[in-house]
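Remarks on the structure that follows.
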Amino acid sequence: MPPTIEVSGVRKHFRSTVAVDGLTFTVRPGEVTGFVGPNGAGKSTTMRIILGLDAPDEGEALIDGQPYRSLRTPLLQVGALLDAAAVHPGRKARDHLLWLAHSNGIPRRRVGEVLDQVGLASAAGRRAGGYSLGMQQRLGIAAALLGDPPVLMFDEPVNGLDPDGIVWIRGLMRSLAAEGRVVFVSSHLMSELQDTADHLIVIGRGRLIADTSVSKLIAAA
Ligand code: ADP
Ligand code: ADP
């Protein structure tokens, strides 16, 4: 059974702000699921809750039936990109990935493979401090792919990428989904996802507005 992400009845507030207001949805494998809503809608908070970085006030988020913190080998099970890779500027990209692989029991050969996959092989010996935002973004994606995880989550992954990079990441997400993985990707722009996603979860003010396949949406329009 391939895994799913299940968010049920999640609510989260910060002082007087209700960031997530009773959200329920399921993200299934084998398709790209877009998570769309304007800035401040609650997308990052929901993703942080799925990854156990924030605790919900109510409800729960499960990956393959378990909370993220109960997963035995998180990096092997879930690859996540919430921000551009956080790497010490003096560190080389290859060394960063080798360290991540080493500390997570991932074979060294994966480092070369993911560097090729994200197009950073020729820059991997350079210090991350000299990387453009797009290259940092690619490095973050390389880190997410390292463990070959069945579940991938990307929060606004297009930020910082040039037009070629945007085309590339769309293709990457399509192929990861075609391999049967869960691919969950957020954007504040519907236009960024309408050609890439098979399914859309649309939120506003922390609440579900739509949960629909893109083909149904097009047929209804
Ligand atoms: P999105 O990712 O859709 O832009 P966020 O989840 O970042 O939305 O934010 C949802 C709302 O919660 C916003 O009003 C935001 O300012 C607020 N918020 C998010 N994180 C915090 C925090 N750590 N402290 C206070 N308010 C927060
Ligand atoms: P995004 O652009 O992905 O919505 P933000 O830039 O809004 O993310 O937030 C980045 C970080 O700051 C997150 O950890 C978020 O929880 C936190 N944050 C967001 N809004 C606020 C806020 N109003 N007060 C404090 N922290 C916040």
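The values are calculated or read from the model by the stated rules, or taken from the named source; none is laboratory data. Because the structure is a prediction, the values reported are computed rather than measured. So basically every Cβ, Gly included, is an ideal-geometry build from the backbone, and we count neighbours across all protein chains shown. Surface areas here come from the heavy atoms of the whole protein model, side chains and all, with no ligands, DNA or RNA. Shrake-Rupley method; radii C 1.70, N 1.55, O 1.52, S 1.80 Å.
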Every pair of residues 6+ apart whose Cβ atoms lie under 8 Å, when the first sits in the stretch 6-28 and is farther than 30 Å from G180 by Cα while the second is more than 16 Å from ligand 2 (Cβ to nearest atom): D21/R207
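For residues in the stretch 12-24 being surrounded by fewer than 19 Cβ atoms within 10 Å (Cβ to Cβ) and under 18 Å from V202 (Cβ atoms), which is nearest to ligand 1 (Cβ to nearest atom)?
First pass over the stretch 12-24, keeping only residues surrounded by fewer than 19 Cβ atoms within 10 Å (Cβ to Cβ): 13-18, 21-22, 24.
Checking which are under 18 Å from V202 (Cβ atoms) leaves us with 18, 21-22, 24.
Numbers: V18: 8, D21: 10, G22: 14, T24: 17 Å.
Applying the filter and picking the extreme gives V18.
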Residues of the stretch 108-133 that turn out to be under 19 Å from I169 (Cα atoms), open to solvent by 30 Å² or more (accessible area, probe 1.4 Å) and in a loop (DSSP other than H, G, I, E, B), as a count: 2
Selection from the stretch 30-64 of residues that are at pLDDT 95 or above, more than 11 Å from ligand 2 (Cβ to nearest atom) and either of a type in the set (G, A, S) or open to solvent by 40 Å² or more (accessible area, probe 1.4 Å) (or both): G30, E31, G34, G52, A55, P56, D57, E58, G59, E60, A61
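Please tell me if G204 is in contact with a Gly (Cβ under 7 Å, 6 or more places away or on another chain), under 19 Å from M47 (Cβ atoms) and either within 16 Å of ligand 2 (Cβ to nearest atom) or open to solvent by 40 Å² or more (accessible area, probe 1.4 Å) (or both).
Details: in contact with a Gly (Cβ under 7 Å, 6 or more places away or on another chain): yes; under 19 Å from M47 (Cβ atoms): yes; either within 16 Å of ligand 2 (Cβ to nearest atom) or open to solvent by 40 Å² or more (accessible area, probe 1.4 Å) (or both): yes.
Yes.
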Condition met for R174 (of a type in the set (K, R), under 15 Å from the mean Cα position of the chain (by Cα), within 30 Å of T24 (Cα to Cα) and surrounded by fewer than 20 Cβ atoms within 10 Å (Cβ to Cβ)): yes
Close pairs from the stretch 194-214: first farther than 29 Å from H13 by Cα, partner open to solvent by less than 50 Å² (accessible area, probe 1.4 Å) and among the acidic types (D, E), Cβ under 6 Å, at least 6 apart: D198/E31; V214/D198
Test: I106 is within 16 Å of ligand 1 (Cβ to nearest atom), touching a residue at least 40 places away in the same chain (Cβ under 8 Å), touching a helix residue (DSSP H, G or I) at 6+ places or on another chain (Cβ under 8 Å) and of a type outside the set (D, E, K, R): no
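Of all residues in the stretch 177-195, count the ones that are more than 22 Å from Q77 (Cβ to Cβ) and open to solvent by 10 Å² or more (accessible area, probe 1.4 Å). Lay out the reasoning, then the answer.
Taking the stretch 177-195 as the starting set, the residues that turn out to be more than 22 Å from Q77 (Cβ to Cβ) are 187-195.
Okay, now just the ones that are also open to solvent by 10 Å² or more (accessible area, probe 1.4 Å), so 188-192, 194-195.
Residues in the stretch 177-195 being more than 22 Å from Q77 (Cβ to Cβ) and open to solvent by 10 Å² or more (accessible area, probe 1.4 Å): 7 in total.
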Members of the stretch 1-36 found to be on the phi > 0 side of the Ramachandran plot and touching a Lys or Arg at 6+ places or on another chain (Cβ under 9 Å), listed by number: G22, G30
